[in-house]
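These notes are about the structure you will find just below.
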Amino acid sequence: TIKGVTDVPSALLKATILNTANDMGNVGPDYSFGWGHINTWRALNLLEQNQWLEGNADQSGDLTHTIQIPSGVKEAKIMLYWAEPPSAENAAIALLNDLDLTVVNGSGVKSLPWKLDPTPNPSILNTPAGKGRDSLNNMEQVLIENPIAGTYTIHINGTQVPLGPQHYYIVWEFVRDEIKVTYPAGGEGFVPGEVERIHWDAYGNTGNFTLRYSTNGGLNFSAIGTVTGDKRMYDWAVPNTVSGQVHLMVIRGGKRDTSDYPSSIVPIPQDLQVVKVCPDSIT
């Protein structure tokens, strides 16, 4: 159950996935990669931390919501999304309802959402997104870099709502300069000599990541390898050992993270035969 919701609505799931995606290509949304690569760990965190709300917008209505941005945040990502009904065939503009998002900090500084130029020209379509009022899409995202901690006011304006009231969701994520090992998470069983792909999450693409593993519950670590700061995965050749206390560590500069729970390395049992199965036992 997420914030009292047993079955999470598809519109909330979509907003969450878009807002927490790993940015790819040009900064912000683009016509090559959309909003980026799905990051299920960040999406789950957003929902578990109840970083979302919902409302209804009417024509010319100006609704406000407030959120608290804590200190130490590198990026605050705030997205407005609404499930848009289908437009008429051959309509000049597919969007029927146009809601607009702005975010204002405690000093009155206003932040506008990303905006792409849809002009059908290859060089223009590849131009990085700017900021401004979006009148073409049913999702809008405000990204604030290095935000000052404090109260922020989210404004939702019903610029055009002919089919109102229009229900909407707002989701937000706070990205910090930290590392998180996302696979293995603990409980996995690895086979000596096989290749397992390690995954982690981190902010920014600078520096190098150093990967290590432990087979004694984190008392000692051995080297796996080093990769550049833009990588988030590594193919690890599982060592020829047996252990039930395996932990993975990822390090960059002064930041590091270790898998929270142990995994195992053990060979697959060979030549097993089931010779008898009874209601209360098996041989």
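Measuring nothing but protein heavy atoms, the accessible surface of the chain at 1.4 Å probe radius is 51 percent carbon and sulfur.
Compared with the direct C-alpha span, the chain from Asn126 to Lys231 gains 35.4 nm at full extension, assuming 0.36 nm per residue. Structure remark: mean-square fluctuation, Gaussian network model of the chain, C-alpha springs under 10 Å; the largest value among Ile69, Ile156, Ile265 belongs to Ile265.
The number of Lys pairs in the chain with C-alpha atoms less than 24 Å apart, excluding pairs fewer than 8 positions apart on the same chain, is 24. Note: relative contact order over the chain, using C-alpha pairs below 8 Å and six or more positions apart, is 19 percent.
The long axis of helix 10-19 is offset from the longest Cα principal axis of the chain by roughly 80 degrees.
The relative contact order of the range 108-222, computed from alpha carbon pairs under 8 Å that lie at least 6 residues apart in sequence, is 16 percent. In the range 4-67, Cα pairs under 8 Å separated by at least six residues give a relative contact order of 25 percent. Sparsely packed loop sites in the range 54-152 (the GluC sites (Glu not before Pro) outside DSSP H, G, I, E and B with at most 11 other Cβ atoms within 10 Å) comprise Glu89.
Put the Cα centre of the range 130-151 next to the Cα centre of the range 24-66 and the gap is 10 Å.
Decide, for the range 1-133, between rounded, prolate and oblate: order the square roots of the alpha carbon gyration tensor eigenvalues as a ≥ b ≥ c, take rounded if a/c falls under 1.5, and otherwise choose prolate if a/b is larger than b/c, else oblate. Rounded is the answer for the range 1-133, as its axis ratio a/c remains below 1.5.
Using 0.36 nm per residue and subtracting the Cα-Cα separation, the extra length available between Ser32 and Gln49 on full extension is 3.0 nm. Mean-square fluctuation check for the chain, GNM, Cα pairs under 10 Å: which of Met139, Met249, Met233 is largest? Judging by the Gaussian network model, the answer is Met233. GNM on the chain, alpha-carbon springs under 10 angstrom: the most fluctuating residue among Asn105, Asn220, Asn45 is Asn220.
The values are calculated or read from the model by the stated rules, or taken from the named source; none is laboratory data. Bear in mind the structure is a predicted one, so any value in this text is a computation, not a measurement. Neighbour counts are summed over all protein chains in view; Cβ atoms, including those assigned to glycine, are modelled from backbone coordinates with ideal geometry. Side chains are part of the model used for accessible areas, which takes the heavy atoms of the whole protein and leaves out ligands, DNA and RNA. Shrake-Rupley method; radii C 1.70, N 1.55, O 1.52, S 1.80 Å.
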